[in-house]
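Below is one structure, written out as structure tokens; the observations come after it.
Laboratory data are not the source of any read-out in this text; all were calculated from the coordinates shown. Predicted model, so just to flag it, every value in this text is computed and none were measured. All Cβ positions, glycine included, derive from the backbone under ideal geometry; neighbour counts span all protein chains shown.
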Amino acid sequence: MSNILHSQHRGFTLIELMVVLAIVAILSTIAAPSLRSIIQTGAIASGVNTFLADLRFARSEALRRGGGVVMCRSDAPLATSPACNTGSGPGGNGWVSGWIVYYDADSLNGRSSSDPILRRQEPLTSLDSIGGSSTTSIVFTATGRLRSLSGGTLSLQFGGPKFPIPTRRMVCVSVGGRGRVAGDGYASCAS
């Protein structure tokens, strides 16, 4: 009979479980905004790094091939025969729709079916826009300079209304063909 009176209970009471759930709920509401900022910053950084990597690749290919390498935005970069677009892309997002890098072998200032595709970038679904410039293509000469930019700097802002201004990034491409990140969304390429 003494075994029945001194039986051991294992587990948690309902009150203990409710207290733990309340603590978890409070901590998650505190941490959620910080986590969102980290995710947004990561999405911007990924887009910027992808763009700059392809820009550097296009420039190095132009130096290697003696010019005529084009990086242009495309609404269907993964298509069998993708084309450069001169519009603002679906929803006015432009470069966020994707881009291609090709060698303009016939020097027709536009992609023809004989021009080999060197790289393709699918749409950047984690970003809402890459804008700030009406430039639809970046053409590199044999010296690695930009042919279509007569002076100054090409600037593109990564991230739109979906992203808070401090998480946005400004990418600047000089007439020399080199890209850099100017800073947060408040920055300009002049600084």
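For the options G98, G159, G87, a Gaussian network treatment of the chain with springs between C-alpha atoms closer than 10 Å singles out G87 as fluctuating the most. Springs between Cα atoms under 10 Å define the GNM used for the chain, and in it the highest mean-square fluctuation of A25, A62, A79 occurs at A25.
The residues packed around R145, meaning those with a beta-carbon under 10 Å from its beta-carbon, carry a net charge of +3 if Lys and Arg are +1 and Asp and Glu are -1.
Once you charge only the Cβ atoms, +1 for Lys and Arg and -1 for Asp and Glu, what is the size of the charge dipole of the chain about its Cα centre, to the nearest 20 debye? If you can, show how the numbers build up before the last one.
Details: 17 positive and 10 negative charges, 94 e Å.
Around 460 debye, computed over the chain.
Seen from V173, the other residues with C-beta closer than 10 Å to its C-beta sum to a net charge of +3, counting Lys and Arg as +1 and Asp and Glu as -1. Structure remark: mean-square fluctuation, Gaussian network model of the chain, C-alpha springs under 10 Å; the largest value among E61, E16, E122 belongs to E16. Ranking C172, G67, A79 by how far each Cα lies toward the positive end of the dipole of the chain (charges on Cβ) leaves G67 at the top. Among L108, T29, M18, whose Cα sits farthest toward the positive end of the charge dipole of region 15-143 (+1 at Cβ of Lys/Arg, -1 at Cβ of Asp/Glu, about the Cα centre)? Final value for the positive-end residue is L108. Summing charges over all other residues whose Cβ lies under 13 Å from the Cβ of C84, with Lys and Arg as +1 and Asp and Glu as -1, gives 0.
Seen from all directions on average, region 15-143 presents a Cα convex hull projection of 10.8 nm². Relative to the longest principal axis of the Cα atoms of the chain, the long axis of helix 14-65 makes an angle of roughly 10 degrees.
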